[in-house]
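Written below as structure tokens is the structure these notes are about.
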Amino acid sequence: MTVDAASVAPAETAVSAVECVDLSYQFPAHLAVDHVNLSIAPGEMYGLLGPNGAGKTTTIRMITTLLPPGTGSVRVFGIDATARPMLVRRAIGYVPQALSADANLTGVENVELFARLFDVPRRVRRQRVDEALSAMGLTEAAGRLAGTYSGGMIRRLELAQSLISAPRLLVLDEPTVGLDPIARSVVWEYIARLRSQFAMTVLMTTHYMDEADAYCDRISLMHRGTIRVTGSPAALRAGLGADATLDDVFRHYTGDTLKDSPSSPEEGDMRDARRARRTARRLG
Ligand SMILES: Nc1ncnc2c1ncn2[C@@H]1O[C@H](COP(=O)(O)OP(=O)(O)O)[C@@H](O)[C@H]1O
Ligand SMILES: [Mg+2]
């Protein structure tokens, strides 16, 4: 029997969790993503880093099929995002940049909503919901309205929601924006635990270099739509010298500072700033 070699990946070749080839996206007045190439191995914790306006969210939206790739290609576990978006979605859990939990529902109701959305069979629904809440340390708070949660708890609730579909790839857009440093590290500890418990691949964006340094296996630094460098945080730092930080690495590859980067003169920055303020207000 002959097998079409192009249609069947050899079993011994590990298929990338995410593979972007020459991926670009042009908004009418702005090239937001400019020939991005990235390859994420199964099980990796991968960070896409860069200032506001770098193109992180637009890249993530194409990977999660919320935005059709402009040019170039996206594959998730070997599945082409343009040709089979629904199949890709089934493999993905996504926590968007803007908060999505409903303050007027309890924790358990918020997660149940997702269980119904993802067609989790009724007889296992309650168990799956309880497991997801427990994995995020929210069992005791499950009966309270989400509106009474702290910012860190809301983020964990959103993670519990994204777990309901048992994703192979978890995509987090700025998961810790607006949180204080302690809440930030708690959220990260939970994400790291999830990843090892469920052998998930994690792709996250952040503009906090210290978080990426502590939690990511590999990172890509993105600036003005392009990826400037990719590697493990340690390797990138070592490339610049013994005392270098990831901020130094960023400056080295972009000639810009991360915090005050005039990343884009356009309205996207304003929109991001407004969104961050709104998020911060909601998180208290
Ligand atoms: N819906 C949109 N319409 C027009 N321009 C957009 C839109 N979304 C993003 N952009 C532009 O694309 C650039 C990248 O945005 P984004 O991907 O959100 O960056 P990041 O997530 O890194 O902050 C920004 O400069 C922004 O102006
Ligand atoms: Mg963004």
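Every number in this text was worked out from the coordinates using simple rules, so none of it is lab data. Because the structure is a prediction, the values reported are computed rather than measured. Cβ sites come from the backbone with ideal geometry, for glycine too, and all protein chains shown count toward neighbours.
In plain terms, if you count all Cα to Cα distances in segment 208-251 and split them into 10 Å steps from zero, the share in each step is 29, 62, 9 percent. The stretch between residue 166 and residue 193 holds 8.2 nm of extra length on full extension. This uses 0.36 nm per residue minus the Cα-Cα distance. Residue order for 21, 88, fewest other beta carbons within 10 angstrom first, comes to 21, 88.
Label sites at residue 100 and residue 243, each approximated as a point 7 angstrom past Cα along Cα to Cβ, lie 4.4 nm apart.
Please state the equivalent ellipsoid semi-axes for segment 1-155: what are the square roots of 5 times the Cα gyration tensor eigenvalues, largest first, in whole Å? It would help to have the intermediate numbers written out before the result.
On the way: eigenvalues 220, 104, 37 Å².
Semi-axes, largest first: 33, 23, 14 Å.
How large is the Rg to Rh ratio of segment 18-261 when both quantities use alpha carbon positions and Rh follows Kirkwood? Walk me through the numbers before you get to the answer.
Numbers: Rg = 18.0 Å, Rh = 18.5 Å.
Result for segment 18-261 is an Rg/Rh of 0.97.
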